[in-house]
């Protein structure tokens with residue numbers, strides 16, 4: 001009975017604190033480049049642009065991923081590139097990596113790592129949603145090995161009005177988001193482990209011409225930088 005009670009207590013504590021664990025957003029830090037990850041309803045790129053215009057991208061580069069059109073089926077749809085250009089980001093400073101090149105968070109982090117190494121950048125400020133930030137940090141550390149290459153990562157997020165990490169379990173939508181993120185975190189850590197990474201699409205595409213063209217870096221240079 002004591003063992004069962006102890007396990008039940010641990011499960012309850014994990015359940016109650018999971019929202020706090022999943023949200024790992026940090027205070028933004030000025031970095032060489034700023035990145036707005038794909039997905040979402042546009043709040044990621046709004047926040048990234050706000051920080052960009054406040055001087056948080058020291059080298060002037062604004063990299064974004066995912067779909068070019070936000071909310072394509074809604075009246076509020078807009079083009080990310082046009083949005084950035086209209087708000088003062090110069091065309092030569094915009095780097096767009098479309099969904100065809102990278103398809104998920106892990107591939108985004110691998111690409112950002114390779115891009116930074118190829119162009120001599122040492123720090124990156126990544127903007128996403130609050131519940132996405134823990135997964136970003138853990139994949140960057142354990143899978144993409146940012147620390148190994150002396151790359152500094154800051155994960156910041158927009159501030160939603162409808163999410164409370166401490167009381168997430170009271171809101172069905174927040175609860176669903178937190179559980180889904182935790183599931184994706186575990187899945188990604190297993191999928192991109194040293195044992196299984198060779199079976200992923202990333203492993204096949206990292207040497208492709210498409211990947212190298214977007215990086216602006218050839219296969220030989222990338223391989224040299226990663227070893």
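Each value in this text was obtained by applying a stated rule to the coordinates, not by laboratory testing. Owing to the predicted nature of the structure, the values given are computational and were not obtained by experimental measurement. Positions of Cβ are generated from backbone atoms using ideal geometry, with glycine treated the same way; all protein chains shown enter the neighbour counts.
Residue exposure proxy: 43, 204, ordered by other Cβ atoms within 10 angstrom of their Cβ from fewest to most, comes out as 204, 43. Looking at the chain as a GNM with Cα springs under 10 Å, which of 141, 119, 132 has the largest mean-square fluctuation? Greatest mean-square fluctuation among the candidates belongs to 119. Fewest-first ordering of 210, 1 by other beta carbons within 10 Å of each residue's beta carbon gives 1, 210.
Taking 20 Å as the cut-off, the amide N atoms of the stretch 25-43 that come nearer than this to a point 7 Å along the Cα-to-beta-carbon line of residue 171 belong to 25-27, 39-43. Using just its DSSP H runs of length 4 or more, each adding -39500 (n - 2.57), the chain gives a mean residue ellipticity at 222 nm of -14000 deg cm²/dmol after division by all residues.
Stokes-Einstein diffusion of the stretch 109-158 at 20 °C, 1.002 mPa s viscosity, Kirkwood radius from Cα pairs, rounded to a whole number: 197 µm²/s. Applying 0.36 nm per residue to the separation of residue 180 and residue 58 and subtracting their alpha-carbon distance, the gain on full extension is 40.5 nm. Once you reduce the stretch 201-224 and the stretch 36-104 to the center of their Cα atoms, the two points are 23 Å from each other. Taking Cα atoms only, the orientation of helix 105-119 departs from the longest principal axis of the chain by about 40 degrees.
When the inverse distances between all different Cα atoms of the stretch 43-126 are averaged and flipped, the Kirkwood radius reads 13.7 angstrom.
Using the alpha-carbon positions of the stretch 147-213, Rg (one decimal) and Dmax (whole number) come out as 17.2, 48 Å. Here the residues 113, 175, ranked from fewest to most Cβ neighbours within 10 Å of their Cβ, fall in the order 175, 113.
The packing ranking of peptides 85-92, 188-195, highest mean first, is 188-195, 85-92, where packing means the average number of other beta carbon atoms within 10 angstrom of each residue. Each of residue 189 and residue 78 was given a label point 7 Å from its Cα along the Cα-to-Cβ line. The distance between the two points is 3.7 nm. Based on the convex hull around the alpha carbon atoms, the chain presents an average projected area of 14.6 nm².
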